[in-house]
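The values are calculated or read from the model by the stated rules, or taken from the named source; none is laboratory data. Every value quoted in this text rests on a predicted model; they were computed, and no experiment measured them. We place every Cβ from the backbone using ideal geometry, glycine too, and count neighbours over all the protein chains shown.
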Amino acid sequence: MNATAPEPVTLAIDAQGVAHVRLNRPERMNALDGAMFDALLDTADGLSSMPPERLRAVVISGAGRAFCAGLDTGTFKRLLQGQAVGVDMGERSGGEGITLETRTHGIANGPQQVVLAWRQLPVPVIAALQGAVYGGGLQLALGADLRLAAPDTRVSVMEMRWGLVPDMAGMVLLRELMGADGVRELVYTARELDAEEALARHLVTRVCQDPLAEAMVLAAEIAAQSPQAVRAAKRLINAAFDGVPPAELLLAEAREQHRILGSAEQIETVRARMEKRAPSYRLPR
């Protein structure tokens, strides 16, 4: 009898409301296949529906020696054997008649939504990186708000080595971080960057010895802040980098502040600071 296959993605949520999402195919360097796509979409959907008092921040990590080595090479082996002409997008996005051009999630297809879902979550998302962060794995990391990288991290826009182009929202996210010439160089050459060069190129936020431990500490720090203010801040930052015109962004600032100012949560934040104690934001028992 075959043992039950492990879940491709695991989820744990601690008492502070910090969710730890872990890619769980270490034997395949957490490579992306249909099951992984489905699991990531299901996990993100589940988190997006959680109330503010239950979810404060998210950490994404990879089990084993790599964060994510990109698309599973089994896809390319099947292509050579004439068994496949496209990417296994999983059951949620790969039904009959569904192609990469089909918009299955608003403006995105399934693989693009696997990345954009983390940007769309209402709370900050931190990626803890180590080892290979290639192709789709890099694009997944770019979907996070922040990226902490171990010294052994290797980053690459790897698609050109397989005769492909980045297609998991990479172009949308890379343009936030790099100039056009830098994006062109990395896409055209598929060159690997070490952690320090990735930091210099703004692809990672910080290099640290234990990115998962530091990500959990950072997530706990965020979780201790006002939940409504953190969520409002993420909405505003997303709008700013989505190219919302200044007039609309200024109005958005005013609307967010108007909703927060004088609320019970904001008053508790002020009172706690004046009394030099930690604020008490209610979490369910």
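Residue 256 meets the stated requirement of being within 24 Å of residue 273 (Cα to Cα) and crowded, with 18+ Cβ neighbours inside 10 Å.
Which residues, counting only those in the stretch 28-81, are surrounded by 22 or more Cβ atoms within 10 Å (Cβ to Cβ) and in a helix (DSSP H, G or I)? Passing the criteria: 36, 37, 39, 40, 41, 43, 44. For first residues located in the stretch 203-222 and of a type in the set (Val, Ile, Thr), partners that are crowded, with 22+ Cβ neighbours inside 10 Å and not in a helix (DSSP H, G or I) and lie 6+ apart or on another chain with Cβ distances below 6 Å form the pairs 204/147; 204/149; 205/147; 207/149; 222/57; 222/124. How many residues does the stretch 144-191 contain that are out of contact with any Phe, Trp or Tyr (no Cβ under 8 Å at 6 or more places or on another chain), more than 26 Å from residue 104 (Cβ to Cβ) and assigned to a loop (DSSP other than H, G, I, E, B)? Qualifying residue count, the stretch 144-191: 7. Entry remark, the stretch 222-250: residues being in a helix (DSSP H, G or I) and loosely packed, with under 12 Cβ neighbours inside 10 Å number 4 in total. Just one of (1) of a type in the set (Phe, Trp, Tyr); (2) under 24 Å from residue 42 (Cβ atoms); (3) modelled with pLDDT under 95 fails for residue 162. It is (2). Given the residues 188, 281, which is the only one that is over 25 Å from the mean Cα position of the chain (by Cα) and aromatic (Phe, Trp, Tyr)? Of 188, 281, the one residue that is over 25 Å from the mean Cα position of the chain (by Cα) and aromatic (Phe, Trp, Tyr) is 281. So is residue 215 in the same structural domain as residue 130 (by TED's automatic domain parsing), assigned to a helix (DSSP H, G or I) and either at pLDDT below 95 or within 23 Å of residue 117 (Cβ to Cβ) (or both) or not? Considered against the rule, which asks whether it is in the same structural domain as residue 130 (by TED's automatic domain parsing), assigned to a helix (DSSP H, G or I) and either at pLDDT below 95 or within 23 Å of residue 117 (Cβ to Cβ) (or both), residue 215 comes out as yes.
The residues in the stretch 103-143 that are in contact (Cβ under 8 Å) with a residue 24 or more places away in the chain, touching a Leu at 6+ places or on another chain (Cβ under 9 Å) and in a loop (DSSP other than H, G, I, E, B) can be counted, and the count is 7. Residues that are at pLDDT 95 or above and aliphatic (A, V, I, L, M) were ranked within the stretch 1-27; the one that is surrounded by the most Cβ atoms within 10 Å (Cβ to Cβ) is 23.
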